[in-house]
Amino acid sequence: MTGSPIAEAATALFVPGHRADRFAKAVSCGADLVIVDWEDAVPADMKVQSRRDTLAALTSPDPAFWAAVRINALSEGGAGDLDALGNAFTTARGAHLRAVLLPKAESLADVETVAAALPGVPIVPLVETAAGLAVAVKLAASPAVVRLGFGALDFGVDVDATSAIMLDHARCALVLASRAAGLGPPLDSPNPEFRNENLIRSSATSARALGMGGQLCIHPNQVPIVADAFTPTRAEIAWAQRVVDAGDYGAIAVDGAMVDRPVFLRAERILARAAR
């Protein structure tokens, strides 16, 4: 499903499902994708209201916004979320639902359950446990899956590790699984920091360097910083354009360095990212 808005989103902003007063603001922040959260951001006693307010917005004749929804894990109320979504959407109205994010995805059966409840709706499994990482290739290969996502905090708790090496190992595994399945690169875990611009930028830049294709955001302040980190710099674009202009004619020299087919393809990819 590469080429779809979900597959190419670099910024994906969460908004709590029980805060309908924030829906319009979330859309105005400029994120590539808005995700209404029914899981971690919603208190247990607000889950019903979260469903009600979200579905009212997404099924209105002139919807205030189009959004994805992160349901609860299937073992933690997600089945009820699927029933609510399935009952609310007819084929026509279902177009207002961008995708469903499935937290703590740990098996192909989890994905198939969501796909059966919401035919045709793109699914983004969130890998947040060792069990999920172990089947990432299978998750990515499902026809219903448009992209993978990573939940670093839950993953760290599951494997009882805080090392950046362990978390980056998981990121790399998801990048490889996505590439092998022909998916767009995965969405990285959100950074809990939303005031320190340097920390936000370094987190997003590191994720991009590992091959991640975007990052989940938990605050509007993060959106422009993350977007900038995942956008090629002017210098990168200029270099890529010089390489492409030189032509794919075997080994050639650009800026005093040899350029062959792999470098040419990298330049084309930079220009494609810049165009998006």
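Can you pull out the helices (runs of 4 or more DSSP H) entirely within the range 190-276 that have at least 3 residues that are at pLDDT 95 or above?
Details: elements: 197-209, 222-229, 234-246, 261-275.
Result: 197-209, 222-229.
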Single condition S189 does not satisfy, out of (1) over 27 Å from L133 (Cα atoms); (2) assigned by TED's automatic domain parsing to the domain that holds A99 | (1)
Hits in the range 137-163 - residues which are closer than 25 Å to R273 by Cβ and assigned to a helix (DSSP H, G or I) | V137, L139, A140, A141, A152
Cross-chain or 6+ apart pairs with Cβ under 8 Å, the range 166-178 first and more than 13 Å from A152 (Cα to Cα) and hydroxyl-bearing (S, T, Y), then modelled with pLDDT of 95 or more and in a helix (DSSP H, G or I) | S178/A140
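Among the residues that make up the range 57-71, is at least one of them within 23 Å of F194 (Cβ to Cβ), in a loop (DSSP other than H, G, I, E, B) and modelled with pLDDT of 95 or more? Before the answer, list the steps.
We begin by selecting, within the range 57-71, every residue within 23 Å of F194 (Cβ to Cβ); these are 65, 67-70.
Retained after the next criterion (residues that are in a loop (DSSP other than H, G, I, E, B)): 65.
Narrowing the set further to residues that are modelled with pLDDT of 95 or more leaves none.
No, every residue in the range 57-71 fails to be within 23 Å of F194 (Cβ to Cβ), in a loop (DSSP other than H, G, I, E, B) and modelled with pLDDT of 95 or more.
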Give the residue, chosen from D168, D160, D154, that is under 19 Å from E39 (Cβ atoms) and out of contact with any strand residue (DSSP E or B) (no Cβ under 8 Å at 6 or more places or on another chain).
-> D154
Would a scan of the range 168-189 turn up a residue that is over 20 Å from P262 (Cα atoms), assigned to a strand (DSSP E or B) and either under 15 Å from the mean Cα position of the chain (by Cα) or β-branched (V, I, T) (or both)?
-> yes
Candidate set from the range 30-45 (those that are outside any loop (DSSP other than H, G, I, E, B) and touching a helix residue (DSSP H, G or I) at 6+ places or on another chain (Cβ under 7 Å)); member that is surrounded by the most Cβ atoms within 10 Å (Cβ to Cβ) = V36
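The values are calculated or read from the model by the stated rules, or taken from the named source; none is laboratory data. Just so it is clear, the structure is predicted and the values come from calculations on it, not from any experiment. Neighbour counts run over all protein chains shown; Cβ positions are idealised from the backbone, glycine included.
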